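Asker: Encoded as structure tokens, here's the structure I'll be asking about.
The values are calculated or read from the model by the stated rules, or taken from the named source; none is laboratory data. The structure displayed is predicted, hence computed values, not measured ones. Note that we place each Cβ from the backbone using ideal geometry, even for glycine, and neighbour counts take in every protein chain shown.
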Amino acid sequence: MSLLLLFSGAVLPTVGRPASDVTTGAWVPSTGVSLFDVINEVVPDDGDYISTTTAAPCTMTLESTLFPGSASQQKINYRASSTQGSNLTVRMFQGATTIMTRTHALTGINTLYTQSLTSPEIALITAGAISIELTAT
């Protein structure tokens, strides 16, 4: 799985990749010990992924990027698959504020999900760390 929060046209960093694990839950990396380190790839590598067999969520903080809260926020990209026909819920949040939640029925094929943030979702973003929570069900 790769996970990228993409921002458009600015001179500051515009891609926020996972930068640290907050909680790992029952998720495990295919290599190494950190979830974020496996999925913060520039080019997705099917040999590096995170997985779980239970519904426990994991949470990662994203790298600092261009100041949020403007129309420059575009989308979040992630690749996911499941040999068990699981669902994946992705929640982007900042502190106690949920910015977006998307749920997908996964297939056995690695699929790129590109989620555009809506104007109301963008308006919820303020200065500070943005986190992503992943829950497989």
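Asker: Within the group Leu12, Leu66, which residue is loosely packed, with under 13 Cβ neighbours inside 10 Å, part of a loop (DSSP other than H, G, I, E, B) and at pLDDT below 85?
Answerer: Working: Leu66 fails: loosely packed, with under 13 Cβ neighbours inside 10 Å.
Checking each option against the conditions leaves just Leu12.
Asker: Restricting attention to the stretch 113-137, which residues are within 24 Å of Thr24 (Cβ to Cβ), exposed (fewer than 14 other Cβ atoms within 10 Å of the Cβ) and touching a residue at least 40 places away in the same chain (Cβ under 8 Å)? Steps first, please.
Answerer: Start the filter on the stretch 113-137 by keeping residues that are within 24 Å of Thr24 (Cβ to Cβ), which leaves 113, 115, 128-137.
Narrowing the set further to residues that are exposed (fewer than 14 other Cβ atoms within 10 Å of the Cβ) leaves 128, 137.
Once the filter is applied, which keeps residues that are within 24 Å of Thr24 (Cβ to Cβ), exposed (fewer than 14 other Cβ atoms within 10 Å of the Cβ) and touching a residue at least 40 places away in the same chain (Cβ under 8 Å), the stretch 113-137 yields only Thr137.
Asker: Additional query: Among the residues of the stretch 86-96, are any of a type outside the set (Ser, Thr, Tyr), modelled with pLDDT under 85 and in contact with a Gly (Cβ under 9 Å, 6 or more places away or on another chain)?
Answerer: Filtering the stretch 86-96 for residues of a type outside the set (Ser, Thr, Tyr) gives 87-88, 90-96.
Then drop every residue that is not modelled with pLDDT under 85, which leaves none.
No.
Asker: Still on this structure, please answer the following. Kindly indicate the residue of the stretch 91-111 that is among the hydrophobic types (A, V, I, L, M, F, W, C) and exposed (fewer than 14 other Cβ atoms within 10 Å of the Cβ) and also nearest to Ala55 (Cα to Cα) among those meeting that condition.
Answerer: Narrowing the stretch 91-111 to residues among the hydrophobic types (A, V, I, L, M, F, W, C): 92-93, 96, 99-100, 105-106, 109.
Narrowing the set further to residues that are exposed (fewer than 14 other Cβ atoms within 10 Å of the Cβ) leaves 96, 105, 109.
Working: Ala96: 21, Ala105: 14, Ile109: 20 Å.
Within the stretch 91-111, the match that is nearest to Ala55 (Cα to Cα) is Ala105.
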